[in-house]
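Remarks on the structure that follows.
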Amino acid sequence: MLFSGFDIQVAAGEIGSVVGPSGCGKTTIGNVLLGLTRPDAGAVVRDEKLSPLRFQKLYQDPSAAFAQRQTIRKGLKDLARLHGKDWREIEDLSRRLRLQDVLLDRLPGQVSAGELQGFALLRALLLDPAFLFADEATSRLDPVSQKDVITFLQEIVEETRLAVLLVTHDRDLAERVSTRLIELGGTHEQAA
C-alpha cells in the first residue's frame, strides 16, 4: 500500500505540486486523479458535469505521446478535426508558446525536447482541460525551456482557472510556482 488516509484537493485556478523521491507514488496520485488507475480504497470526486477529456496529462517524455512517423501538423490537424476545434486555436497556442510554424512539418524526433513538450502542452490545452496533471513535465528540459513552460502554465492557470497538479523532484520549482505543496516520502503537507 502506497498511501493510507491520503486526501488531496486541487481547486480551479490552483497549481498544486507533489514532491518526493522516485518511487514514492507521485505519478500514482496523478493517475488516480485522472481515472487512469483505480484506488484500492477510497474515492476520487470530480465534477460530474465535466467530460473525462477535460482531465489531461502532460508526460515527462513527450515523444512517447506522439506518433513518430507522423508530422506534428498532421497529428494536431487530426486532433482538431476529431474534437471540432478550429486551426486558429492551434495557431494562437503555438504563437503563445513561441513554437515556430516551420516545426509543424517535422516529425517528433526532429524537434528539441523543449519544442516537443511545448506541442504536448498545446495538444492538452486544445481540449480545454479543467485539470492538468503535469508529470515531471519539465524535468528533461533545459533551464530556458523549463522557465518558458512554467511561465506559460502560470499564465493559462490565471486566465482559464485551470487546476494543475505538478509532479516534480525539484522542490525549489514547486515552492516557487505552487499554491500548495505536498511532500511524499515525508509525513506532512505544507502550504507554499
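Since every read-out is calculated from the coordinates, none of them should be taken as a lab result. The shown structure was predicted, so the numbers you read here are calculated from the model rather than taken from an experiment. In this analysis, Cβ positions are derived from the backbone assuming ideal geometry, glycine residues included, and neighbour counts consider all displayed protein chains.
Some observations on this one:
- The value obtained for the chain, namely the Cα convex hull volume divided by the number of residues, is 122 Å³ per residue.
- Checking the cross-link pairs K49/K74; K49/K85; K26/K85; K26/K147; K26/K74 against a 25 Å limit on the alpha carbon distance flags K49/K74; K26/K85; K26/K74 as lying beyond it.
- Given charges at beta-carbon only (K, R positive; D, E negative), |dipole| of region 96-153 in Debye: 80 debye
- Peptide ranges 84-97, 54-67, 114-127 listed from the most packed, as the mean C-beta count within 10 angstrom indicates: 114-127, 54-67, 84-97
- Along the axis of the charge dipole computed for the chain (Cβ charges of +1 for Lys and Arg, -1 for Asp and Glu, origin at the Cα centre), the listed residues P143, T160, I72 are led at the positive end by I72.
- Cα→Cβ-extended label distance, 7 Å offset, between Q100 and K147, nm: 2.0 nm
- Cβ-derived FRET efficiency at R0 30 Å, T37 paired with D172, nearest 0.05: 0.60
- Selection from Q9, I90, L173 lying farthest towards where the dipole of the chain points positive, charges on Cβ: I90
- Around the Cα centre of region 63-160, unit charges on the Cβ atoms of Lys, Arg, Asp and Glu (plus for the first two, minus for the last two) sum to a dipole of about 460 debye.
- Reachable aspartates and glutamates, given that their alpha-carbon falls under 15 Å from the alpha-carbon of K77 and they are not under 8 places away in the same chain: D86, E89, E91, D92, D101, D105
- With the cut-off at under 18 Å, measuring from each backbone N in region 51-67 to a point 7 Å along the Cα-to-Cβ line of E89 picks out 51-58.
- Net charge dipole size for the chain [Lys, Arg +1 and Asp, Glu -1 on Cβ; Debye, nearest 20]: 620 debye
- Computed FRET value (nearest 0.05) for E183 with R69, which takes r as the C-beta separation and R₀ as 35 Å: 0.25
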